[in-house]
Amino acid sequence: MSAPGSRFGAVTGPTSRTGRSVHRLGRPNPLWGSNGVAFGPDGRLYVAQFLAGRISALDPATGELDVVEPVGGPVQSPDDLAFGADGSMYVADLVPGLVWRRAPDGTYSVVSDEVKVPNGITCVGDRLFVNEMRMGGRLLELFPDGGAPRVLTEGLALGNAMQLGPDGRLYYPHMVTGEVWRIPPDGGEPERVARDVHEPVAVRFDQAGVMLVLSRGVAGLVTRIDLHGSGTRTLVTSGLAGLDNAAFDAENRMYVSSFAAGGITELHPDGRTRTLVPPGFDGPYGVTIDLGGRVHVADHYRVATAPAADNPAETVLLRPFAHGITADAGLLHLTSQYGEVMTYDPEQGGTRVRARGLRRPTGIAARDDGTLVVAETDAGRVVALDSEDTVAVLAEGLLGPVDVALDADGRCYVSDERAGTVLRIDDGEPVAVAVGLDAPQGIALRGDDLFVVEAGARRLVAVSLSTGELRLEVEELAVGAPLAEGAPRTDPALFTHGMPGLPHAFAGLATGPDGTLLLSANGEGTVLRILPSLPARAKAAADGPAASARPVPSGLRARLHLGRYAGLREHGDREGLTVGVLDDADLVPQIEQGGRLRGPGRRVGREVRGEPVPQHVLCEEVP
């Protein structure tokens, strides 16, 4: 199974050792998000990738994408970049607080280590300016040949991408207050140019000197502001969630990046788009499946649904920082490694913060009574949150708990990445279930099997809970850092000067009632759908709905839909209706419309290639 265009490098996997079928939901994402962009002297568009610690260069004419600065190089978290008059590339390395110069010969040197949370960076001839993405931030001039930084102004409410305007002044956003300001490069009194701009993240000028302000929201708004006339504003809606930055080529074509989904897109003045590098997942991190069969992904800056059929990934919720995720009773429960546990209601569109101040909460699971169980990684604990959001400690003293899973009796299992173990929590005491694992992360339960993502070994294993036997399921997974790039990456700092830093990678895992596994392939930016072997699928089909399925109420009519066969992928109660979902890319049975269910667990259907076919059933009240 090859992955063309994968950011992970040339890989042949994943490969199943047990006859499982492995499919990608969506295409690999060539970029780990896309942040600062700038055209270099060679005509290529250079792309900073904050989450990866990598810089790539894109040829807009051919679409060829090359890695310029690999993972594990000197730059840890490039958020913006700019080119000087001599061809040097300057990089704002946000988390360690460094500004780098990459000389034309490829050598690196530190320009300054005195900027806190450096982000927006721009060159004016051979002069270099940078601002800080923090409350009360500064805008400074730096001197590559030596000399102390010169502060032009202070009090920025989160600075970001800035540029010299046609009037010779520097324009920059205040992201928190929704304003655009300007100041002369030699200093002076800063002047507010525009207020009430929708979530401004970057200020850019096209080749004609027109100012455009990018917004970081879901709609992908770009605001054109007339600086020289009446101040008229024109909105362009791109539909690109999480815009980050933009650059114009010599023909005045505009190319935009997205912190939320990566990719590079040409954006026309009328809002039409042309994709040069397709978007995808920045991670992904956690993954879950709801009762309707929808796969939801925690993708750092957003919550998204996984691609299905010809439909791309859809951003459901933007910028709550999401790393762990579980679906339960129509809700999505989320963790943020920056300390929060949240519950999102897709129906109402509201988010409720359940806990703050936890130390890198990662994996999350929900009990039948709604209690949330969370792995608090940096605290070495597993905690529970009840309906009143009271936090109770279930286990402590662990080295690095990452993910949690619950069995049918409500017992909690936890993966400990640092210890290389999976544990069961019995009355507050951890009991080893599997040891000697290589960086275990995502875990999921199915019957007697406990599935574990070994991120260090890049494989999926199953542990029999009754015998302790370990079985290799899938290997050559694209999880973790790229295989062929620089030295191992230094563990990133989670916070920097009170601002979010870099999250730790987390390859999540979830299971559906039919035995299908969903795995976050965070090395390439996809979700893997891992089906049971054909004999296992045939047995599941013959057995009928899962034991947890509810009886079909009497007096209901079953409406049968055309579905894709693989056994029941999901079966449960949603809004009082019993729902079953089918999905398989190979077998598509032709199912008659109509029919009636007369008792619990009865299937109405036919056989396809000798295998019994459960139906995609939605029960409705008989008028």
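The values are calculated or read from the model by the stated rules, or taken from the named source; none is laboratory data. Everything quoted here is computed from the prediction, not taken from an experiment. No Cβ is skipped: glycine too gets one built from the backbone with ideal geometry, and neighbour counts run over all protein chains shown. Heads up: the accessible areas ignore ligands, DNA and RNA and are worked out on the full protein's heavy atoms, side chains in. Shrake-Rupley method; radii C 1.70, N 1.55, O 1.52, S 1.80 Å.
General remarks:
- Normalised by the number of residues in the range 16-130, the average gap of Cα pairs under 8 Å and 6 or more apart makes the relative contact order 17 percent.
- HN-Hα J in Hz across the range 195-211 - Karplus 6.51, -1.76, 1.60, θ = phi - 60°, x for Gly and Pro: 10, 6, 8, 5, 6, x, 10, 8, 10, 9, 10, 7, 5, 8, x, 7, 8
- Taking 7 Å steps out from each Cα toward its Cβ at residue 272 and residue 196 produces label points 3.3 nm apart.
- Here the 3J(HN,Hα) profile of the range 469-477, calculated from phi with Karplus coefficients 6.51, -1.76 and 1.60 at θ = phi - 60°, is 5, 9, 10, 6, 9, 9, 10, 6, 6 Hz, Gly and Pro shown as x.
- Relative contact order (%) - criterion: Cα under 8 Å, at least six apart; region: the range 169-211: 36 percent
- Amide H partners (placed H, <5 Å) of residue 418, local residues excluded: 400
- Between the beta carbons of residue 469 and residue 347, assuming R0 = 41 Å, the FRET efficiency works out to 0.45 to the nearest 0.05.
- Accessible solvent surface per residue of the range 126-235, calculated while the other protein chains remain in place, 1.4 angstrom probe, Å²: 41 Å²
- Theoretical gain in end-to-end length, residue 390 to residue 135 [0.36 nm per residue, Cα-Cα removed]: 88.7 nm
- What the Kirkwood sum gives for the range 117-160 is a hydrodynamic radius of 10.4 Å, with every pair of different alpha carbons counted.
- Per the Kirkwood formula applied to alpha carbons, the range 469-518 shows a radius of gyration over Rh ratio, Rg over Rh, of 1.11.
- Between residue 17 and residue 476, full extension at 0.36 nm per residue minus the direct alpha carbon distance yields a gain of 164.2 nm.
- Projection of the Cα convex hull of the range 18-94, averaged over all directions and equal to a quarter of that hull's surface, yields 7.1 nm².
- Under the Karplus curve 6.51 cos²θ - 1.76 cosθ + 1.60, θ = phi - 60°, whole-Hz ³J(HN,Hα) for the range 99-113, x wherever Gly or Pro sits: 10, 9, 10, 9, 5, x, 8, x, 7, 10, 8, 8, 7, 7, 10
- Hydrodynamic radius by Kirkwood, which averages 1/r over all alpha carbon pairs of the range 136-281, in angstrom: 15.8 Å
- According to the Cα-based calculation, Rg over Rh for the range 163-247 is 0.95, with Rh computed by the Kirkwood formula.
- For the range 156-260, the fraction of 1.4 Å probe accessible surface lying on carbon and sulfur atoms is 48 percent.
- Cα-Cα pairs of the range 224-319 separated by more than 22 Å (percent): 40 percent
- FRET efficiency estimate (nearest 0.05) - Cβ-Cβ, residue 226 to residue 176, R0 22 angstrom: 0.35
- Radius of gyration and maximum dimension Dmax of the range 431-478, Cα, Å: 10.0, 30
- The range 285-348, accessible surface, carbon-and-sulfur percent (1.4 angstrom probe): 44 percent
- Rg [Å, one decimal], Dmax [Å, integer] - the range 320-376, C-alpha atoms: 10.3, 30
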